[in-house]
Structures are given as structure tokens and as C-alpha cells.
Amino acid sequence: MYRTLVFDMGNVLLRCCPPEQAAREGVPPDDTDLFVREVFQNLEWVQLDRGTLPLEDAIRSICARLPERLHPCVRSLLLGWWRHPLPGIPGMEDLLRELKGLDYDLYLLSNATSALHKYGPRLPGWDCFDGVLVSADHHMLKPHREIFELFFRTFGLHPGECLFIDDSPANIDGGKQAGMDGVLFLGDAGRLRRDLALRGIPVHQL
């Protein structure tokens, strides 16, 4: 029986769309593909989430591959992304609050920089979480087994009593390798409610 539900953040609780984030930082449309590739899809982004690359070093490395006109956009994004609210996934805050009302323990396990601690209070349903583990704080990343094992130890959880909700198949598989069942989130809170009900969690169906 599940006692604990563990949530990812990006594209589970919040909509993370790199082209939209680039536009918000003032990147011209003609430069969007280049900006997204060099910022979001490159090694520095992974190293920042792992907490192994200083932020200023990441900015210098990324800017070296981009035209000077985009350098202010890189700095603005990496130094202040947490200042700009990202849109929540519709229906997820209501689901979190319903689960909390049913006395489930809720946790957040996210690949993110330590700036998440500043952004966290803006997350939909942040006050529902009993604990948060951020990858950069521990120099580990999902889907590696070590971060799941650390998560269980940190909060004194039994993997078999946890259910993990993430939008990445690799992360769900990583959780399963560590003994935690999972549900792949496909962007639809209504579908997630049905998936939870199939696992014996008595949430309302929309």
C-alpha cells in the first residue's frame, strides 16, 4: 500500500518550455533554436543541475558559443530564472491538496539547481510537501540509483511504500531500479488521477 507520493517538478508541477523561456528573456525569434540548443541542451545545463559547475563558469562557457547580442539573455536566464513564475500544470495543485487531505505524505525530488530553494515558495502546492530534495545540493542526478537511495535515507522512507510521478521514462525506470513504483506523467492531471485510482489511491475522477 502506498503511503507516500513523490513528485518531479519540471513538466509535472510546472510547465518548462525552453522556447517560451527564451522569449521571456528577450531572445529574438530567429535566434531561438540556437539559444535553446546551446543553453538548455548542452553539458553546462546538466552540470548545473548536478551542482558541479559554478554559475559564472557556466555563463562564460555558454556565451563563448553564442553571439554577443545573446549574452545578456544568457545571464538573465541563468542568474534569475527563479524570479519569473513558470506556469503551473493545470489541475496539479488541486491534486496535491486533495492527496494531502487524504493524509498521504508528499515529497519533491527534482533535478534542479540550488536556486530552487528560492523559487520553491512559488510552486503550486509548495506548502503540501513534507520534504524536498534538489539534485544540485548533493551532486547527483536522476535517473541514477544513488539519488533515489539518498532520498529514501534522508526522509526515512521505504521504497515499496512510495509512488513516483515523473515525466521522464528514464527517471521512472531509475526509481523502479531502486525499489519505488512509478507513474509516467504525460501532462494531463485527469489521466494521472485515473492512474492513481488504479493503484488504490482514492482521488476524485474528473
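The values are calculated or read from the model by the stated rules, or taken from the named source; none is laboratory data. Because the structure is predicted, anything quoted here is derived from the model rather than measured. Heads up, the Cβs are rebuilt from the backbone with ideal geometry, glycines too, and the neighbour counts pull from every protein chain shown.
Computed values, structure above
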| item | result |
| --- | --- |
| The listed residue being of a type outside the set (Val, Ile, Thr) and over 13 Å from VAL6 (Cβ atoms), out of LEU102, LEU106, LEU157, LEU96 | LEU102 |
| First in the stretch 35-56 and in the same structural domain as GLU146 (by TED's automatic domain parsing) and on the phi > 0 side of the Ramachandran plot, second anywhere and modelled with pLDDT of 95 or more and surrounded by 14 or more Cβ atoms within 10 Å (Cβ to Cβ), Cβ under 8 Å, 6 or more apart | none |
| Output for the stretch 79-114, where each listed residue is in a loop (DSSP other than H, G, I, E, B) and small (Gly, Ala, Ser) | GLY91, ALA112, SER114 |
| Total residues in the stretch 1-27, condition in a loop (DSSP other than H, G, I, E, B) and within 22 Å of GLU93 (Cβ to Cβ) | 10 |
| Whichever residue in the stretch 190-200 is surrounded by fewer than 17 Cβ atoms within 10 Å (Cβ to Cβ) and in contact (Cβ under 8 Å) with a residue 24 or more places away in the chain and, among such residues, is farthest from ILE147 (Cα to Cα) | GLY190 |
| PRO159 surrounded by 17 or more Cβ atoms within 10 Å (Cβ to Cβ), of a type outside the set (Lys, Arg) and either farther than 17 Å from ILE89 by Cα or touching a helix residue (DSSP H, G or I) at 6+ places or on another chain (Cβ under 7 Å) (or both) | yes |
| The stretch 179-206: number of residues that are more than 21 Å from LYS100 (Cα to Cα) and out of contact with any helix residue (DSSP H, G or I) (no Cβ under 7 Å at 6 or more places or on another chain) | 1 |
| Residues satisfying the stated conditions in the stretch 163-178, i.e. farther than 14 Å from LEU109 by Cβ and either in contact with a helix residue (DSSP H, G or I) (Cβ under 9 Å, 6 or more places away or on another chain) or touching a residue at least 40 places away in the same chain (Cβ under 8 Å) (or both) | GLN177 |
| Filtered residue count, the stretch 37-78, keeping only those that are over 18 Å from the mean Cα position of the chain (by Cα) and in a helix (DSSP H, G or I) | 20 |
| Exclusive hit being hydrophobic (A, V, I, L, M, F, W, C) and under 30 Å from LEU196 (Cα atoms), set LEU70, LEU99, LEU34 | LEU99 |
